[in-house]
Amino acid sequence: MDYLPLFADLKARPVLVVGGGDIAVRKISLLRRAGAVVRIVAKKLAAELQRDVDAGHVEWLAQEFDEQQLDQVFLVIAATNNRELNRRVFDAANARHRLVNVVDDQPLCSFIFPSIVDRSPLVVAVSSGGNAPVLARLLREKIEALLPQSLGRMAAVAGSFRERIKTVLSTTDARRRFWEQAFRGRFASLMAAGNETAARENLEASLANPQQQTGEIILVGAGPGDAGLLTLRGLQVLQQADVVLYDHLVSDGVLELIRRDADRICVGKRAGEHAVAQHQTNQMLVDLAREGKTVVRLKGGDPFIFGRGGEELQAAQQAGIAFQVVPGITAAAGATAYAGIPLTHREHAQSVTFVTGHYKPDSQPFDWAHLAQGRQTLAIYMGTMKAAHISEQLIQHGRSADTPVAVISRGTRSDQQVLTGTLQQLDDLAKRSPMPALLVIGEVVALNTQLAWFQPTTQAEDDSSAVVTLA
């Protein structure tokens, strides 16, 4: 280990920065966030630093560096483009046993700045020892994605409970188990949702009865397929789950993001097939949550758009189980974007309507006259088996038979297939397309010849990911 990681308390401590340019601006911003008293030595200052000096936030000590300026400081940073001056600062600081950093010159550093993930009071630092700072920054970005912004406040709230918990739970093991449950359970979820009052109440209740476990259900939208379209919050929740109930529509790439030791249960639904009846899924969610587990219900697309998410949460609410929702990118938004089809366009469509082709037998019939109106886009989920009926009704109620249409299967994935044609050809297109598929009807479909940007390189031999137009 070339460097010993340390976290320095700089509050009210003097720090000397030699240099007044853009690099100095970045370092001084970091020092001020840590509460340091910043003294600057520079011939001239960047505009931002001049404003800080004028406002009294930092001190412009001198224009020229003098070794005696090091006598009353805690640490030193040299941020100039003058290598000779930087060397003088380094040698003088070393002679006085002051920690010194010469920016972008590793040999002239007795300490280095790591890449920082700031969730104060929780701080994560990543360093490559100065060998690969860009790699350290990339790792920091990955960690940023995994750590919710609420972690800092959660750490602060937990800190306010530490002494009380020590008096209630006498052993280290008991306290560890208590905090593990809190940081992975309802307390953490409430903090992530911004409900600090309820989070404190949850800790109070857990402290009053530490043996009683309370679980919750988190409904998560997995997006249309591409794992990169999973939301940041969705990723964080998948890392907290004790058990995940998922559908067949959830891609393998998204499933790979689930915490490794979480249980996975497929309650998959496919067109014309239900592996687990809906009421059984509802009961399973409730039963698992009652065991004190964090239960994630992972659904393709967005769970509140033709995903039965509302029904599942109604069951949770009736059972008295706490729940929350993490929205996802719905298929109509994701698949059309990857197919180069804007759902709205000033010249072609002033509105978009989401429709499901799968509905209860006793449901009211569609308002076909409304759906057949021009200058709008129809995005029809689960409509391939009724494509002939949809086409017939729209044409009968006034929509032109030549209206452009697209059938998009496996949208956003490497084997995405887009079949285009006209409304009178919709049934033929649907029969040629793998299921599940999204039907898109409207003039905007014609724009995909200009806007189809997604051209995956992992195309199958039959070129299944290409756009195919039915002549």
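The values are calculated or read from the model by the stated rules, or taken from the named source; none is laboratory data. Please read these numbers as outputs of a predicted model, since none were measured by experiment. Here Cβ is always computed from backbone atoms with ideal geometry, including for glycine, and neighbour counts include all displayed protein chains. Ligands, DNA and RNA are stripped out before the accessible areas are found, and what is left, the full protein with its side chains, is counted by its heavy atoms. Shrake-Rupley method; radii C 1.70, N 1.55, O 1.52, S 1.80 Å.
A few points about this structure:
- Cross-link partners of LYS27 among aspartates and glutamates (Cα-Cα below 17 Å; sequence separation of 8 or more within a chain): ASP9, GLU48, ASP52, GLU59, ASP104, ASP105, ASP118
- Ordering GLY194, SER150, PHE178 by Cα displacement along the dipole of segment 124-217 toward the positive end leaves PHE178 in first place; charges were set at the Cβ atoms of Lys, Arg (+1) and Asp, Glu (-1).
- Estimated [θ] at 222 nm from DSSP helical runs (n ≥ 4, -39500 (n - 2.57)) normalised by residues in the chain, nearest 500: -10000 deg cm²/dmol
- Segment PHE111-THR231, length gained on full extension (0.36 nm per residue, minus Cα span): 39.5 nm
- Overall form of segment 211-321: oblate. Here a/c, set by the Cα gyration tensor axes a ≥ b ≥ c, is 1.5 or more, and a/b is not larger than b/c.
- With contacts taken as Cα pairs under 8 Å and at least 6 residues apart, the chain reaches a relative contact order of 9 percent.
- The loop-placed GluC sites (Glu not before Pro) in segment 291-320, going by DSSP, that have at most 12 neighbouring Cβ atoms within 10 Å of their Cβ come out as GLU291.
- Loop chymotrypsin sites (Phe, Trp or Tyr not before Pro), segment 1-60 (other Cβ atoms within 10 Å of the site Cβ: 14 or fewer; DSSP): TYR3, PHE7
- Normalised Debye scattering of segment 332-451 at q = 0.09, 0.18 Å⁻¹ gives log10 I(q)/I(0) of -0.20, -0.86, counting only Cα atoms as equal scatterers and leaving out solvent.
- C-alpha long axis of helix 83-95 to longest principal axis of the chain, angle in °: 60 degrees
- Angle of helix 151-168 to the longest C-alpha principal axis of the chain, folded into 0 to 90 degrees and rounded to 10: 70°.
- Computed over neighbours whose Cβ is under 15 Å from that of GLY411, the net charge equals -1, Lys and Arg +1, Asp and Glu -1.
- Globularity index of segment 111-253, i.e. its alpha-carbon radius of gyration over 2.2 N^0.38 Å: 1.23
- Share of carbon and sulfur in the accessible heavy-atom surface of the chain [1.4 Å probe, %]: 51 percent
- ALA145-ASP22 FRET efficiency (beta carbon distance; Förster radius 35 Å; 0.05 resolution): 0.80
- Dipole size of the chain about its Cα centre, with +1 on Lys/Arg Cβ and -1 on Asp/Glu Cβ: approximately 1160 debye, rounded to the nearest 20.
- Förster radius 60 Å - calculated FRET efficiency between ASN81 and LEU257 (Cβ-Cβ, nearest 0.05): 0.85
- With R₀ set to 45 Å, the beta-carbon distance separating PHE74 from ARG175 gives a calculated FRET efficiency near 0.85.
- Accessible surface computed residue by residue for the chain, with neighbouring protein chains in place and a 1.4 Å probe, gives 51 Å² per residue.
- For LYS386, the lysines whose Cα falls under 16 Å of its own Cα, not counting residues fewer than eight places away in the same chain, are LYS360, LYS431.
- For segment 319-330, Karplus couplings with θ = phi - 60° (6.51, -1.76, 1.60), whole Hz, Gly/Pro x: 8, x, 9, 5, 8, 8, 10, 10, x, x, 6, 6
- Gain upon complete extension [LEU135, ARG96; 0.36 nm per residue less C-alpha separation]: 10.7 nm
- Angle of helix 133-146 to the longest C-alpha principal axis of the chain, folded into 0 to 90 degrees and rounded to 10: 50°.
- Other-chain or far-sequence residues with amide H under 5 Å of PHE323's (modelled H): ILE217
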